[in-house]
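Read through the structure below, which is laid out as structure tokens, and then see the notes.
The values are calculated or read from the model by the stated rules, or taken from the named source; none is laboratory data. No experiment lies behind these values; they were computed from the predicted model shown. Neighbour counts run over all protein chains shown; Cβ positions are idealised from the backbone, glycine included. Side chains included, ligands, DNA and RNA excluded: accessible areas come from the protein's heavy atoms. Shrake-Rupley method; radii C 1.70, N 1.55, O 1.52, S 1.80 Å.
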Amino acid sequence: MSTDSTGAIPAAATPTTARMHAVTAENHDIVDRVLDYSRQRLLAAETPLDKPQSPAELARLAGPTVTEQGIGGARALSVFEHILAPACITTDHARNLSFIPCAPSKAAAAFDVVVSASALYGGSWQEGAGAVHAENEVLRWLAAEFGLPGGAGGVFVQGGTLGNLSALVAARESVREARREAGHPAPDRWRVVCSAEAHSSIGSAARVMDVEVVTVEVDDDGRLRGAAVEAALEQHGASVFAVVATAGTTNFGIVDELDAIGAAAARHDVWFHVDGAYGLSAMLSPLARPRFAGVERADSLVVDPHKWLFAPFDACALLYRDPELGRRAHTQHADYLDTLTETGEWSPSDFAAHLTRRPRGLPLWFSLASYGAAAYREAITGALELAHRVADEIRARPELRLVRPPQLSVVVFERVGWQKADYARWSARLLDEQRGFVAPSAHLGRPNARFAVLNPRTTFDDLVGILDTMAG
Ligand SMILES: *Cc1c(COP(=O)(O)O)cnc(C)c1O
């Protein structure tokens, strides 16, 4: 920035200094191109599944794009459209059945553009009251669906991993405080109890927090039972600060015995956290709702809208039964921040291990407001029905074997006689031929195939077509 001899900034910024920000012909063109591309992508009837490329191949195809003078918006977008985007697997493709796919509704995906275009800040009430109001309405709606009391609240964080970590930090803080007030000594080592089928993010949180994980065995059906948790709590006594139950394991969609586990945690004055990142959404469907009895006992829970609530990446709803406990554990203090916290207004930054945040709950809010909750119930019910229907199809095929009957919408099965390498070859070929994306999986050391069904555009014929490639 140049100044004249008096040190004053010239009245009109020169075109070069404001090139990136001014409303110029160049920026008109860039915005038009980007929005046209987004519009086309959002309204495309069919998008290719696409597949990764090697680093060398991408470097060769794309060439250097970050240069001192820039390559121009038109060329940069062209590189993205023709080289980079095709090297990204389409997570919302109807035949993407790997991991837990993403299937944003049209309204949710489109509104993500608005969130970016408006440079909305979602960390504090002062800066983002309108956005925070809308996010909180969604959080209250979710809390009511899960049977949490009216005072429950929380925040949308980046993902289930950060949600689980933030909840467990609040749990330890709250239990430590309660024990201190009761005059009990702090344990040498804090422990968290969960099942062997709990998500890897629980172990990750424990490492970050430097606490120990007590892994409790599940029953043959994969469910963590209240009695097993009770025994672990007896054994480890006051060193345990939290029990984590999974409401829909990632690998199989198994819902732990929430009611009995919550009761055991309550008897021992231990925090009860429910990890429902993938599965808790199924509670919106009457078909699955009864499986989640007891979730209303949770002190905290997470559910990922970027999984089964049709929101774009990345969003996890973290809810506390008593949000004050989350706030006490997480509020950051600094001279320049205290103006935000002293007003007593609801600031989402205060409820997790983060500060700056985009209001990532808004795409879900807009979609829910647009279509209504009933549309969500129907879409989730549809995925549950489809998963059970394809499980019947697998049962009917002699070369296939269901590893477990599906509970929610994950279907795990084996191809009789196949080794790990066979699954890997088959999966690579499926992707290569753009028939589907089904990453090989495994259970107890045995390789298998796994469908995670949640995209409302996935059809029975899509799944049967993939099963057919395993015959013969
Ligand atoms: C996906 C998942 C997580 C992790 O969530 P991210 O959003 O990927 O961080 C945690 N727990 C369960 C049960 C999950 O399915």
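Annotations
- Tally, over the range 43-78, of residues that are surrounded by 13 or more Cβ atoms within 10 Å (Cβ to Cβ), within 25 Å of ALA103 (Cα to Cα) and either of a type in the set (A, V, I, L, M, F, W, C) or over 31 Å from the mean Cα position of the chain (by Cα) (or both): 2
- Restricting attention to the range 186-211 and to residues that are in a loop (DSSP other than H, G, I, E, B) and in contact with a Lys or Arg (Cβ under 8 Å, 6 or more places away or on another chain), the residue that is nearest to the ligand (Cβ to nearest atom) turns out to be VAL211.
- All helices (runs of 4 or more DSSP H) inside the range 348-456 with 1 or more residues being open to solvent by less than 10 Å² (accessible area, probe 1.4 Å) and under 26 Å from ALA107 (Cβ atoms): 362-371, 373-395
- Yes/no for PHE99 being of a type outside the set (Ser, Thr, Tyr), closer than 30 Å to ASN251 by Cα and either modelled with pLDDT of 95 or more or touching a Leu at 6+ places or on another chain (Cβ under 6 Å) (or both): yes
- Filter pass, VAL214 being touching a Phe, Trp or Tyr at 6+ places or on another chain (Cβ under 6 Å), of a type in the set (A, V, I, L, M, F, W, C), part of a strand (DSSP E or B) and more than 14 Å from the ligand (Cβ to nearest atom): no
Table: residues versus (1) of a type outside the set (A, V, I, L, M); (2) within 16 Å of the ligand (Cβ to nearest atom); (3) touching a Cys at 6+ places or on another chain (Cβ under 6 Å); (4) closer than 21 Å to LEU318 by Cα.
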position	(1), (2), (3), (4)
GLY73	yes, no, no, no
VAL79	no, no, no, no
LEU84	no, no, no, no
THR90	yes, no, no, no
PRO101	yes, yes, no, yes
ALA117	no, no, no, no
TRP125	yes, no, no, yes
HIS133	yes, no, no, yes
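- Taken as a whole, the structure places ALA247 among residues that are of a type in the set (A, V, I, L, M), under 23 Å from the mean Cα position of the chain (by Cα) and under 23 Å from HIS443 (Cβ atoms).
- Meets criteria (part of a loop (DSSP other than H, G, I, E, B) and either in contact with a Gly (Cβ under 7 Å, 6 or more places away or on another chain) or among the aliphatic types (A, V, I, L, M) (or both)) for ASP269: no
- Residue in the range 277-287 that is of a type in the set (S, T, N, Q) and open to solvent by 10 Å² or more (accessible area, probe 1.4 Å) present: no
- Selection status of ARG223, part of a loop (DSSP other than H, G, I, E, B), surrounded by 19 or more Cβ atoms within 10 Å (Cβ to Cβ) and either away from the ligand (no atom under 15 Å from the Cβ) or charged (D, E, K, R) (or both): yes
- Count of residues meeting criterion [over 21 Å from THR341 (Cα atoms) and either in contact (Cβ under 8 Å) with a residue 24 or more places away in the chain or surrounded by fewer than 14 Cβ atoms within 10 Å (Cβ to Cβ) (or both)] in the range 138-154: 11
- Looking only at residues of the range 250-309 that are away from the ligand (no atom under 14 Å from the Cβ) and in contact with a Ser or Thr (Cβ under 6 Å, 6 or more places away or on another chain), we find that the one that is nearest to GLU173 (Cα to Cα) is SER285.
- Sole residue being of a type outside the set (Asp, Glu) and free of Cβ contacts under 8 Å to residues at least 60 places away in the same chain, chosen from CYS102, CYS88: CYS88
- Counting the residues of the range 135-159 that are within 16 Å of the ligand (Cβ to nearest atom) and touching a Pro at 6+ places or on another chain (Cβ under 8 Å) gives 3.
- Among residues of the range 226-249, those that are away from the ligand (no atom under 13 Å from the Cβ) and open to solvent by less than 50 Å² (accessible area, probe 1.4 Å), counted: 13
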